[in-house]
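The values are calculated or read from the model by the stated rules, or taken from the named source; none is laboratory data. Being a predicted model, the structure only gives us computed values, none of them experimental. Because the Cβ atoms are built from the backbone with ideal geometry, glycine has one as well, and the counts that use them run over all protein chains shown. Calculation scope for accessible area: heavy atoms of the full protein, side chains included, ligands and nucleic acids excluded. Shrake-Rupley method; radii C 1.70, N 1.55, O 1.52, S 1.80 Å.
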Amino acid sequence: MERLKLVLQYFQSNSESISNGICIILALVSVKLYTSFDFNCPCLPQYNKLYSLGVMTVPPIILFFLGVLVNRHTGVMMDEWMRPIGNRSKNPAVVKYLFSAMIQRALLAPMVWILVTLLDGKIFICAFSVSVDPALFQGLPNNTGLDVIKIMAKVPCREDVIFKNSSFRKAVSRYVRCYSQAVGWSILLFLIVLGAMGRLIKPCFDDHATFLQTRYWSNYLDVEQKLFDETCVLHARDFARKCVVQFFEDMREDTVLYLPHPPFITNFREDWEEEEEERLHGITKQEQVDQLLNKWYYSKPELDVTRISHRPKTCVTWEDREGNTLYSDV
């Protein structure tokens, strides 16, 4: 149970971890889809390769675009690429980094589908059984009245009566499956070697400091957008509550009540109102909200927090009736 909590905390720590988790889930879904897929080769010379090509390409394309769709880097990259410059310049390296990360994660599930289909071999048998030389095997059915091409096209169909009590179909299937698995393992080995070489060679040609800067600002864009969305949600909640309360107060008739008013209630109400006004940040009208959102898109703030570190402070000086200073509050 503790390990499960640690895994969940890891995937919830940042958007990169969440994207990795989603890609792993898509890869597992692709394996599950293939195992539950009812593969029925048409066993016709003119349709076998077309059907196999569709099974090999259409699901990976769907999985790829699904990976692009659920990847958070896609939205962050497009926002950074399409936004106006405003007060903040664009960094092409950050957009390139986000694009690379998006493509790498989106390709995981399609590659898993292709590797599983090659290692299983059924699609390869359906596509290339016609291309096998039947003279390499014994037991070719000769009394069926069909030509050799149509007989070879029926090799993927194990229920066909022409292969009853014959080892020819199993021999051809085993032969083609060996080629399919060889191609699958070769692709997997190539991808592993390519990834290892890229990891080893990349530091020799790239400046690591530049890479750290690019990675930092890509993470910054993601965090900034999430914080802005969370702040907008809090502001919208307080803004909506204010509007509802104001509506009900406008409908209420004036009533005068004379009650004792303890000091602590006054202080509590003032503190609560100050906290609420602070969460609204002075944005109390629809025109102000629209102007704020418009400015956020067209003129994002520059990456300089010096002003907020030295924001002006309000000094309240208390004086007596004669104008003499008693003390000051900052």
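Computed quantities for the displayed model
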item	result
Options Gly121, Gly86; residue that is open to solvent by less than 70 Å² (accessible area, probe 1.4 Å), of a type in the set (Gly, Ala, Ser) and within 30 Å of Asp304 (Cβ to Cβ)	Gly86
So Leu50, is it open to solvent by 50 Å² or more (accessible area, probe 1.4 Å) and at pLDDT 90 or above	yes
Residue list for the stretch 27-39, filter: of a type in the set (Gly, Ala, Ser) and either loosely packed, with under 13 Cβ neighbours inside 10 Å or in a loop (DSSP other than H, G, I, E, B) (or both)	Ser36
Test: residue in the stretch 59-72 that is touching a helix residue (DSSP H, G or I) at 6+ places or on another chain (Cβ under 9 Å) and in contact (Cβ under 8 Å) with a residue 60 or more places away in the chain	yes
Count of the stretch 70-117 residues which are β-branched (Val, Ile, Thr), at pLDDT 90 or above and within 24 Å of Leu28 (Cα to Cα)	5
Within the stretch 131-167, tally of residues that are closer than 16 Å to Pro45 by Cα, hydroxyl-bearing (Ser, Thr, Tyr) and surrounded by 13 or more Cβ atoms within 10 Å (Cβ to Cβ)	0
Selected residue [in the same structural domain as Pro42 (by the TED database) and touching a Gly at 6+ places or on another chain (Cβ under 8 Å)] from Leu107, Leu188, Leu146	Leu107
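Quick grid of which residues meet (1) farther than 28 Å from Lys122 by Cβ; (2) in a helix (DSSP H, G or I):
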| position | (1), (2) |
| --- | --- |
| Cys41 | no, no |
| Gln46 | no, no |
| Leu53 | no, yes |
| Pro59 | no, yes |
| Phe64 | no, yes |
| Val76 | yes, yes |
| Pro84 | yes, no |
| Arg88 | yes, no |
| Phe99 | yes, yes |
